[in-house]
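Structure, as structure tokens:
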Amino acid sequence: MSGFNTRSIHVGSEPDPVTGAVNPPVYLTSTYAQDGVGVPRFSDYSRVDNPTRAALESCLANLEEARYGVAFASGLAGEDALLRTLSPGDHVILGNDAYGGTYRLLTRVFGEWGVTVSCVDLSDVAAVEAGFSETAKMLWVETPSNPLLNVVSITDLAVVAHAHDALLVVDNTFATPFLQRPLTLGADVVVHSTTKYVGGHSDVIGGFVATNNDELATKLKFHQYAIGAVPGPLDCYLLIRGLKTLGIRMERHCSNARAVAAYLVEHPAVDKVYFPGLAHHPGHDIAKTQMSDFGGMVSFTVKSGVDVARKICESTSIFTLAESLGGVESLIELPSAMTHASTVGSTLEPPASLIRLSVGIEDIEDLIEDLAQALEL
């Protein structure tokens, strides 16, 4: 099997050999019978392993072209497990427009443990190079980033990271493996909030870490087991179900986002549109090289400022005012007061009037009509 959609449907979901069921069973078990003392048939405990979780891990790892995939109870739980491979005194270089939750985890949790963080403009390779210290162990990248949708070269940053014996970590939540596969571009680790596009229906929380690094994979599996932030079997089943339609959903997300961005660019109330599919976007050429399409996220600022931006967010009817993203339904939010409130006062603080759209798969005419009426305030 070589095609993405074929693999997303079949890898890990082979018909059950006993019943012929075409979907993987949901193994609602906490423990397993053993054939002898210390001789389990599959595993000794579901925190260690679960067949439904194993099916999810094999499928998503395959789609990311990774040898190893480790599932977690949330995206931040996956990031936490990865960051626990560091030691006090280690240094992480983070993009200066990263997700607020990642920044909060690094500064307020691992910062107290002794990990240091510096925020750098990742589009400036010279600045990234200058930001490295002798203790730098990870270069953490979001591309496209959240919420400004900046796009940076994974290949170029891999060269810099590896020259300093550091790991390149790429958050692939926005792009998904359907649009971008960072491990094939030089990244060492891929992280996901599978809550978003992988799940795709706003009904499950999950996280995932993928790698081809044998030693790192062993540590991640140990942390999964020893710390215990594992997804339940029903969560894993929902994520497997989401993967089966990921490709077709992403095609619609992308086409709708292109139309929304084109509409916003021409609207007199809009100041700036952030979308890598626009020719004037600074990362457009890189996106064309390392992505197969431009994603389903669009951000924009309005000329009248934050009060009007807030009213716009509160005035849509099809776009739901809510945090998160990547579901079939369209969402709207004000990052400075919602998803990125933890970055206010830092170098990662987004523009106060920035509105972030997660463009869903509804009829595009309805989405544009909804934005039009909200922008007439």
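Summary of computed values
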{"read-out": "Meets criteria (of a type outside the set (Val, Ile, Thr) and more than 24 Å from the chain's Cα centre (by Cα)) for Leu76", "value": "no"}
{"read-out": "Residue among Tyr225, Tyr237 that is within 16 Å of Pro24 (Cα to Cα) and either touching a helix residue (DSSP H, G or I) at 6+ places or on another chain (Cβ under 7 Å) or not β-branched (Val, Ile, Thr) (or both)", "value": "Tyr237"}
{"read-out": "Any hit, the stretch 244-256, residues being surrounded by 18 or more Cβ atoms within 10 Å (Cβ to Cβ), of a type outside the set (D, E, K, R) and touching a strand residue (DSSP E or B) at 6+ places or on another chain (Cβ under 8 Å)", "value": "no"}
{"read-out": "Qualifying residue in the stretch 131-140 (condition: aliphatic (A, V, I, L, M), touching a residue at least 40 places away in the same chain (Cβ under 8 Å) and surrounded by 22 or more Cβ atoms within 10 Å (Cβ to Cβ))", "value": "yes"}
{"read-out": "Tally of residues being touching a Ser or Thr at 6+ places or on another chain (Cβ under 8 Å) and under 17 Å from Leu243 (Cβ atoms) across the stretch 9-37", "value": "7"}
{"read-out": "Filter pass, Thr195 being more than 19 Å from Ser292 (Cβ to Cβ), among the β-branched types (Val, Ile, Thr), assigned to a loop (DSSP other than H, G, I, E, B) and out of contact with any His (no Cβ under 6 Å at 6 or more places or on another chain)", "value": "yes"}
{"read-out": "Which numbered condition Leu167 misses (of (1) touching a Lys or Arg at 6+ places or on another chain (Cβ under 7 Å); (2) closer than 30 Å to Lys244 by Cα)", "value": "(2)"}
{"read-out": "Those strands (runs of 3 or more DSSP E) lying entirely in the stretch 1-119 with at least 2 residues assigned by TED's automatic domain parsing to the domain that holds Lys221, surrounded by 18 or more Cβ atoms within 10 Å (Cβ to Cβ) and in contact (Cβ under 8 Å) with a residue 40 or more places away in the chain", "value": "68-72, 91-95"}
{"read-out": "Test for Val152: is it crowded, with 18+ Cβ neighbours inside 10 Å, β-branched (Val, Ile, Thr), touching a residue at least 60 places away in the same chain (Cβ under 8 Å) and in a loop (DSSP other than H, G, I, E, B)", "value": "yes"}
{"read-out": "Of residues in the stretch 120-149 being of a type in the set (A, V, I, L, M) and not in a helix (DSSP H, G or I), the one nearest to the chain's Cα centre (by Cα)", "value": "Val141"}
{"read-out": "The listed residue being closer than 22 Å to Leu239 by Cα and at pLDDT below 95, out of Gly69, Gly78, Gly101", "value": "Gly101"}
{"read-out": "Among (1) at pLDDT below 95; (2) under 25 Å from Cys119 (Cα atoms), the one test that Gln290 misses", "value": "(1)"}
{"read-out": "Test set (1) of a type outside the set (A, V, I, L, M); (2) at pLDDT 95 or above; (3) in contact with a strand residue (DSSP E or B) (Cβ under 9 Å, 6 or more places away or on another chain) - Arg84 fails condition number", "value": "(3)"}
{"read-out": "Filtered residue count, the stretch 323-377, keeping only those that are among the polar types (S, T, N, Q), within 18 Å of the chain's Cα centre (by Cα) and modelled with pLDDT of 95 or more", "value": "3"}
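Conditions (1) touching a Ser or Thr at 6+ places or on another chain (Cβ under 7 Å); (2) among the basic types (Lys, Arg), marked per residue:
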position	(1), (2)
Ser292	no, no
Met297	yes, no
Lys311	no, yes
Thr316	no, no
Leu321	no, no
Val328	no, no
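Conditions (1) buried (at least 23 other Cβ atoms within 10 Å of the Cβ); (2) aromatic (Phe, Trp, Tyr); (3) within 23 Å of Glu323 (Cα to Cα); (4) modelled with pLDDT of 95 or more, marked per residue:
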| site | (1), (2), (3), (4) |
| --- | --- |
| Thr184 | no, no, no, yes |
| Val209 | yes, no, yes, yes |
| Ala217 | no, no, no, yes |
| Ala229 | no, no, yes, yes |
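The values are calculated or read from the model by the stated rules, or taken from the named source; none is laboratory data. Small disclaimer: the values here were computed from a predicted structure and weren't measured. Every residue, glycine as well, gets a Cβ built from its backbone with ideal geometry; the counts of neighbours run over all protein chains shown.
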